[in-house]
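S.K.: The structure that follows is given in the form of structure tokens.
The values are calculated or read from the model by the stated rules, or taken from the named source; none is laboratory data. It should be emphasised that the depicted structure is a prediction, and the values quoted were computed from it without experimental measurement. As a convention, Cβ positions derive from the backbone with ideal geometry for all residues, glycine included, and neighbour counts pool all protein chains shown. To get the accessible areas, we keep the full protein, side chains included, count just its heavy atoms, and leave off ligands, DNA and RNA. Shrake-Rupley method; radii C 1.70, N 1.55, O 1.52, S 1.80 Å.
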Amino acid sequence: MEENDLLTRTGPGTPCGELMRRYWMPAALSEELPPGGAPLSLKLLGEELVLFRDDQGRPGLLGLHCSHRCADLSYGRVENGGLRCIYHGWLYDIHGRCLDQPGEPGGGANKDSIRHPAYPCVEKAGVIFTYMGPGEPPLFPNYEFLAVPDEQAFGIKLFHECNYLQANEGNIDLAHLSFLHYSKANREVEFPADGSIDHRGAAPEMETYEVELTDYGLRSYKIRKLKDPDHYRLFMTEFVLPSFTCFFGEQYAQEGAFSVNWHVPIDDFHHWKYTFIFSRKGPLDKEAIRKRRADMDPDYSPKRKKKNRYDQDRALMAGESFTGIGYNFQVQDVYATESMGAMQDRSKEHLATMDRSVVAARKIMFKAIRDLQEGREPANVVRDPSGNFFLLDASDDPVPVHRSWKDYMAEKTRKLKIIREGSRG
């Protein structure tokens, strides 16, 4: 349990919480904080916070409770360059400086000594990011999905009633694709003539798994035999510290552009999954993307959830769906990760060959925590502009059998580097 706690506890002062705070991470969707809108109460990494836009439209993230008498600032007034508490009128700017103490002589002779908890924010791809760590923030990461123009990027989020690590490891685990997401609509092998589901989607003779370490995480591979004897299918997802994975998403079929699932702890038992979709070629049809992701309530929680047993239809399991939980991969993933419990007890696991990428990812997390504890900068915390360059990718490709997966990916990465360097000018 000690190792489990090391990776799952993210509150202030915890080893993983301190690690998470060394990276920029999503705090909210831009649409949740429209210009002129009310401040937004939220929780990240176990901290109660308030997000607001000042009268210049700049996002600011502050501690939720006023430094005076601890009233809730999310009820405050946005005015005069900051957020004003409605209890006694103390006014804070986005940097946590107290600008006014109207009940005190001269507006507060000691107001400059107040430094309310405040975290810097950056807005990209329709998402507001924050850095909650100590000292000067690292460079904002120049990830491709955040570097394209806003019309070519889309961000959305989904609430999960479980620890972040369960869902993050689900992205890394490629074996589950052949079971959890297996249906007539997206089958990888033919169904028997009687129409029943073929449960042998991941038979040992059909799939093998590989892992490749990177400077900022790892690449997980699944190599699957096809009925076409001249090709195999190469799946790859890329885990990036501290908690997101690139995968073959909605734009992959059209242009090879990956999508991202980024898991952000609310507390130790709840988290947000932020999904980023981007295009390398031009504007996205964002309304069409929203319609495809309409299976959620206005509060960004899934309509199919634990309390309605994810609307599982067991009749579908006879010939349509392995799980009976519809055809939405997101909902199926929510079932799998939430059903482990609010915080999975990994001491009860019995890991197998197909879990090698999950094991490797945990080791990477342990090393990052250890590096931080021993005074070293964790991997993927970037402070040198020359190192703020990433060749993130994903794969769902048919590959000629005479070509090794390593050679294929090396060539694909070389081509991606040319594209990325060209985009930098």
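S.K.: Residue farthest toward the positive end of the dipole of region 267-425, with Cβ of Lys/Arg at +1 and Asp/Glu at -1: which of THR275, GLY324, TYR408?
M.R.: Ranked along the dipole, the leading option is TYR408.
S.K.: With a 1.4 Å probe and all protein chains left in place, how much of the accessible area of the chain comes from carbon and sulfur atoms, in whole percent?
M.R.: 52 percent
S.K.: Also: In square angstrom, what is the accessible area per residue of the chain with a 1.4 angstrom probe?
M.R.: 46 Å²
S.K.: How many lysine pairs in region 281-404, separated by 8 or more positions in sequence or lying on different chains, have Cα atoms less than 28 Å apart?
M.R.: 12
S.K.: For the residue pair GLN254 and ASP297, what label-to-label distance in nm results when each label sits 7 Å from Cα along the Cα-to-beta-carbon direction?
M.R.: Here the answer is 3.2 nm between the modelled labels.
S.K.: Starting from the amide H of VAL148, placed 1.01 Å from N in the peptide plane, find each other amide H under 5 Å away whose residue is 5 or more places distant or on another chain.
M.R.: Hits under the 5 Å cutoff: none.
S.K.: On to the next question. Compute all pairwise cysteine Cβ distances in the chain, then list the cysteines with no distance under 4.7 Å to another cysteine.
M.R.: Result for the chain is CYS16, CYS70, CYS98, CYS121, CYS162, CYS246, no neighbouring Cys Cβ within the cutoff.
S.K.: May I pose another question? Need one number: nm distance between label points at LYS286 and GLU205, each 7 Å from Cα along Cα→Cβ, rounded to one decimal.
M.R.: Placing both labels 7 Å along Cα→Cβ, they lie 5.1 nm apart.
S.K.: Can you match percent of Cα pairs over 35 Å apart to one of these, (i) 28; (ii) 33; (iii) 37, based on a calculation from the structure here?
M.R.: Calculated percent of Cα pairs over 35 Å apart: the matching label is (ii).
S.K.: Let me ask you something else. What does the charge dipole of region 247-291 about its Cα centre add up to, to the nearest 20 debye, if the Cβ of each Lys and Arg holds +1 and the Cβ of each Asp and Glu holds -1? Let's see the in-between values first.
M.R.: Values: 6 positive and 6 negative charges, 43 e Å.
With only Lys, Arg, Asp and Glu charged at Cβ, the dipole is about 200 debye.
S.K.: Report the charge-dipole magnitude of the chain in Debye, nearest 20, computed about the Cα centre from +1 at each Lys and Arg Cβ and -1 at each Asp and Glu Cβ. Can you show the working numbers first?
M.R.: On the way: 55 positive and 63 negative charges, 48 e Å.
So the magnitude is around 220 debye.
S.K.: Restrict the search to region 1-99; then list the trypsin sites (Lys or Arg not before Pro) that DSSP places in a loop and that have at most 14 other Cβ atoms within 10 Å of their Cβ.
M.R.: Numbers: sites: ARG9, ARG21, ARG22, LYS43, ARG53, ARG69, ARG77, ARG84, ARG97; in loops: ARG9, ARG21, ARG22, ARG69.
Qualifying residues, ordered by number: ARG69.
S.K.: Using only Cα atoms, tell me the angle between helix 405-423 and the longest principal axis of the chain; keep it within 0 to 90° and round to the nearest 10.
M.R.: With rounding to tens, the tilt is 40 degrees.
S.K.: Using alpha-carbon positions, what is the distance between the centroids of region 256-271 and region 147-163, in Å?
M.R.: Between the Cα centre of region 256-271 and that of region 147-163, the gap is 9 Å.
S.K.: Roughly how big is region 385-425's charge dipole about its Cα centre, with Cβ charges of +1 (Lys, Arg) and -1 (Asp, Glu), in debye to the nearest 20? Provide the component values of the computation, followed by the final result.
M.R.: Details: 8 positive and 6 negative charges, 36 e Å.
So the dipole magnitude of region 385-425 works out to roughly 180 debye.
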